[in-house]
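> Just dropping this structure here.
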Amino acid sequence: MNSKIDVSTSFQKVSVLVPVYNDVDRIGKCISYLLNLNYPKDLYEVIVIDNGSTDGTYEYLSNLISQKKEKTFRLLQCLTPGSYAARNAGLEVASGDCIAFTDSDCLVSENWLLNLMTSWHQEEGDVIVAGKVSFFSDSAKRTQQSALDFENMFSMKQDQNAKNGKCITANLFCSLDLLRKHGGFNEKLKSGGDVAFSQRIVESGGKVVYSEKSEVLHPSRNKNELLVKRRRVVGGMWDLELAEAGLVRKSRFCANLVKMFFIRASQACIKSRLSPKRKAGLIWLLFLIFLTSMTEFLQLQLGKEANRT
């Protein structure tokens with residue numbers, strides 16, 4: 001159990017795990033934010049796990065760590081493809097009592113760890129803390145207005161995730177014991193391993209709680225990145241259950257894709273305050289996402305392997 005005590009007098013060591021794959025342009029800024037957290041320096045470590053990058057990310061990180069005097073920053077390399085394999089590799093060497101996850105393209109707020117720890121201490125039993133994820137415009141990318149509108153309306157809603165017993169690793173916090181008790185993440189999944197893990201916790205009697213103050217900033221994705229993400233999400237669902245599922249379950253999955261498209265399109269039309277032009281652009285993007293999902297499902301059904309990126 002987590003004792004209900006004031007975290008200001010009971011800091012616990014935290015291992016922050018950050019998997020990275022071909023992200024040499026952004027990982028440095030992510031690390032700089034993590035190394036300047038408002039948290040005792042001797043009570044947290046940042047473990048970056050390179051997942052077999054081919055763009056110079058690992059070499060960049062190796063050079064960066066050689067320049068750092070702090071013992072806070074550690075670098076690993078995991079050549080088993082997949083971010084969940086990388087996260088599990090980080091768990092094997094983590095020395096913290098608790099684990100915080102974020103991604104290589106994310107920027108954490110100054111009090112991120114402090115607020116996560118505070119939220120965790122306020123609960124009892126098996127608890128996952130789902131921190132807030134907000135979006136910022138990345139000047140290095142050409143992000144279409146429709147993609148930005150999509151992100152703001154539909155992406156990474158951690159408050160809703162928590163209500164549904166889910167959490168994503170862009171901003172996830174729990175004890176190391178909890179992760180080990182449940183065997184970490186399913187390394188076979190290309191996407192959705194974080195949701196599968198959090199659902200296992202809830203099904204076994206635990207819970208997911210939301211922390212508004214534990215904010216992480218995520219760069220808005222462009223249209224192409226959103227479509228790539230959809231292929232990976234569908235692939236994750238395929239690996240998790242659809243590959244071995246019967247016709248009824250597969251038909252229900254396709255029906256849910258149709259349902260999701262119409263629900264989101266209705267929300268874009270009715271609930272948003274977007275201009276008619278932006279509504280039309282968003283609905284077209286929603287259709288492309290639906291079409292991409294259905295196409296990926298059919299290709300997987302025909303023997304294609306799930307995408308890792």
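The values are calculated or read from the model by the stated rules, or taken from the named source; none is laboratory data. What you are looking at is a predicted structure, and each value in this text was computed from that prediction instead of being measured. Cβ coordinates were reconstructed from backbone atoms using ideal geometry, including for glycine residues, and neighbour counts include every protein chain displayed. In case anyone asks, the SASA skips ligands and DNA or RNA and just uses the protein heavy atoms, side chains included. Shrake-Rupley method; radii C 1.70, N 1.55, O 1.52, S 1.80 Å.
> Kindly check whether there is at least one residue in the stretch 107-125 that is in a helix (DSSP H, G or I), open to solvent by 40 Å² or more (accessible area, probe 1.4 Å) and hydroxyl-bearing (Ser, Thr, Tyr).
Taking every residue of the stretch 107-125 in turn, at least one turns out to be in a helix (DSSP H, G or I), open to solvent by 40 Å² or more (accessible area, probe 1.4 Å) and hydroxyl-bearing (Ser, Thr, Tyr).
> Same structure, new question: Is it true that some residue in the stretch 85-97 is in a helix (DSSP H, G or I), touching an Asp or Glu at 6+ places or on another chain (Cβ under 6 Å) and open to solvent by less than 10 Å² (accessible area, probe 1.4 Å)?
yes
> From the set of residues in the stretch 158-191 that are surrounded by fewer than 17 Cβ atoms within 10 Å (Cβ to Cβ) and basic (Lys, Arg), which is nearest to Tyr84 (Cα to Cα)?
It comes out as Lys188.
> If we scan the stretch 144-158, do we find a residue that is more than 28 Å from Phe287 (Cβ to Cβ) and of a type outside the set (Val, Ile, Thr)?
In the first step, residues of the stretch 144-158 are kept if they are more than 28 Å from Phe287 (Cβ to Cβ); the result is none.
Scanning the stretch 144-158 turns up no residue that is more than 28 Å from Phe287 (Cβ to Cβ) and of a type outside the set (Val, Ile, Thr).
> Looking at Trp284, Trp238 in this structure, which one is among the aromatic types (Phe, Trp, Tyr) and in contact with a helix residue (DSSP H, G or I) (Cβ under 6 Å, 6 or more places away or on another chain)? Even if it seems obvious, please write down each step before you answer.
Values: Trp284 fails: in contact with a helix residue (DSSP H, G or I) (Cβ under 6 Å, 6 or more places away or on another chain).
The unique qualifying residue is Trp238.
> Taking only pairs six or more apart or across chains, which ones have beta-carbon atoms under 9 Å, a first residue in the stretch 31-55 that is farther than 24 Å from Gly82 by Cα, and a second residue that is of a type in the set (Ser, Thr, Tyr) and part of a helix (DSSP H, G or I)?
none
> Could you please find all residues in the stretch 56-86 being at positive phi and either without any contact (Cβ under 8 Å) to a residue 60 or more places away in the chain or over 20 Å from the mean Cα position of the chain (by Cα) (or both)?
Gly56
> Considering only the stretch 224-232, I want to know if a residue exists there that is open to solvent by 60 Å² or more (accessible area, probe 1.4 Å), over 20 Å from Asn88 (Cα atoms), touching a strand residue (DSSP E or B) at 6+ places or on another chain (Cβ under 7 Å) and of a type outside the set (Asp, Glu).
No; the residues of the stretch 224-232 include none that is open to solvent by 60 Å² or more (accessible area, probe 1.4 Å), over 20 Å from Asn88 (Cα atoms), touching a strand residue (DSSP E or B) at 6+ places or on another chain (Cβ under 7 Å) and of a type outside the set (Asp, Glu).
> Another question about this same structure. Considering (1) free of Cβ contacts under 8 Å to residues at least 60 places away in the same chain; (2) part of a loop (DSSP other than H, G, I, E, B), say which one Ala306 fails and leave the rest.
Against the list (1) free of Cβ contacts under 8 Å to residues at least 60 places away in the same chain; (2) part of a loop (DSSP other than H, G, I, E, B), Ala306 comes up short only on (1).
> Read through the list (1) at pLDDT 95 or above; (2) among the polar types (S, T, N, Q); (3) over 21 Å from the mean Cα position of the chain (by Cα), then give the number of the only condition that Ser211 fails.
The single condition Ser211 does not satisfy is (3).
> Would you please list the contacts, defined by Cβ atoms under 8 Å and residues six or more apart or on different chains, that run from a residue in the stretch 87-100 that is among the charged types (D, E, K, R) to a residue that is in a loop (DSSP other than H, G, I, E, B)?
Arg87/Thr169; Arg87/Gly184; Arg87/Phe185; Asp97/Gln12; Asp97/Lys13
> Could you check how many residues of the stretch 228-257 are modelled with pLDDT of 95 or more and under 26 Å from Thr143 (Cα atoms)?
1
> Quick one: in the stretch 233-244, which of the residues that are in a helix (DSSP H, G or I) and out of contact with any Ser or Thr (no Cβ under 7 Å at 6 or more places or on another chain) is most open to solvent (accessible area, probe 1.4 Å)?
Across the stretch 233-244, the extreme among qualifying residues is Glu244.
> If you don't mind, there's one more thing I want to ask. So for the stretch 75-82 (the condition being outside any strand (DSSP E or B), in contact with a Lys or Arg (Cβ under 6 Å, 6 or more places away or on another chain), surrounded by fewer than 21 Cβ atoms within 10 Å (Cβ to Cβ) and modelled with pLDDT under 95), does at least one residue qualify?
Checked the stretch 75-82: at least one residue is outside any strand (DSSP E or B), in contact with a Lys or Arg (Cβ under 6 Å, 6 or more places away or on another chain), surrounded by fewer than 21 Cβ atoms within 10 Å (Cβ to Cβ) and modelled with pLDDT under 95.
> Tell me yes or no: at least one residue of the stretch 198-214 is part of a strand (DSSP E or B), out of contact with any helix residue (DSSP H, G or I) (no Cβ under 7 Å at 6 or more places or on another chain), within 19 Å of Cys106 (Cα to Cα) and open to solvent by 60 Å² or more (accessible area, probe 1.4 Å).
There is at least one residue in the stretch 198-214 that is part of a strand (DSSP E or B), out of contact with any helix residue (DSSP H, G or I) (no Cβ under 7 Å at 6 or more places or on another chain), within 19 Å of Cys106 (Cα to Cα) and open to solvent by 60 Å² or more (accessible area, probe 1.4 Å).
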